[in-house]
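Asker: Got a structure here, written out as structure tokens. Questions coming.
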Ligand code: 4NP
């Protein structure tokens, strides 16, 4: 595995955390893997990650504030070895776009569970859980 693309809905809450966590682990481990993230939707293209995602990552010494949202494109399915969906709805949308090199993050240690969509969370609560789940699954993914 040489390159990984994490995909959620907006590319402002969950997949930027996954990108940041993966990049930090890859730098530590010298895996030499390229990592990026994108959203299936276009609403937030060009935006920085949401403030709670930036905060929760910073609490773990990871800076994701410079990331900017982009929409996934079909060319990504050839560019990246693995496309990682953050939830089942993202998985279905990517499948419908023709993505075949597709996995679901929750399959790496969480029995296929969805990473909950924090966009409608009330405040910061819930983001630590999202972070913990993402970190654990990304670690497992990088072992494969
Ligand atoms: P994300 O969260 O998919 O984790 O980036 C969301 C961001 C925006 C929206 C939904 C989820 N939205 O509906 O705009």
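Asker: Is segment 126-133 home to any residue that is touching a residue at least 24 places away in the same chain (Cβ under 8 Å), surrounded by fewer than 18 Cβ atoms within 10 Å (Cβ to Cβ) and more than 13 Å from the ligand (Cβ to nearest atom)?
Answerer: The answer is yes, given that some residue of segment 126-133 is touching a residue at least 24 places away in the same chain (Cβ under 8 Å), surrounded by fewer than 18 Cβ atoms within 10 Å (Cβ to Cβ) and more than 13 Å from the ligand (Cβ to nearest atom).
Asker: On the given criteria, is residue 21 more than 11 Å from the ligand (Cβ to nearest atom), under 23 Å from residue 93 (Cβ atoms) and assigned to a helix (DSSP H, G or I)?
Answerer: Yes, satisfied.
Asker: Name the residue, out of 66, 31, 60, that is at pLDDT below 95, more than 11 Å from the chain's Cα centre (by Cα), at negative phi and more than 16 Å from the ligand (Cβ to nearest atom).
Answerer: Exactly one of 66, 31, 60 is at pLDDT below 95, more than 11 Å from the chain's Cα centre (by Cα), at negative phi and more than 16 Å from the ligand (Cβ to nearest atom), namely 31.
Asker: Identify the single condition in (1) in contact (Cβ under 8 Å) with a residue 60 or more places away in the chain; (2) in contact with a strand residue (DSSP E or B) (Cβ under 8 Å, 6 or more places away or on another chain); (3) more than 16 Å from the ligand (Cβ to nearest atom) that residue 144 does not satisfy, given that it satisfies every other one.
Answerer: Of the numbered conditions (1) in contact (Cβ under 8 Å) with a residue 60 or more places away in the chain; (2) in contact with a strand residue (DSSP E or B) (Cβ under 8 Å, 6 or more places away or on another chain); (3) more than 16 Å from the ligand (Cβ to nearest atom), the odd one out for residue 144 is (2).
Asker: Sort through 15, 42, 37 and tell me the only one that's within 16 Å of the ligand (Cβ to nearest atom), more than 13 Å from the chain's Cα centre (by Cα) and either within 13 Å of residue 86 (Cα to Cα) or assigned to a loop (DSSP other than H, G, I, E, B) (or both).
Answerer: 42
Asker: Can you tell me how many residues in segment 86-109 are touching a helix residue (DSSP H, G or I) at 6+ places or on another chain (Cβ under 6 Å) and either surrounded by fewer than 18 Cβ atoms within 10 Å (Cβ to Cβ) or not in a loop (DSSP other than H, G, I, E, B) (or both)?
Answerer: The total comes to 4.
The values are calculated or read from the model by the stated rules, or taken from the named source; none is laboratory data. Nothing here was measured: the structure is a model prediction, and the numbers come from that model. Every residue, glycine among them, receives a Cβ derived from its backbone with ideal geometry; neighbour counts consider all protein chains shown.
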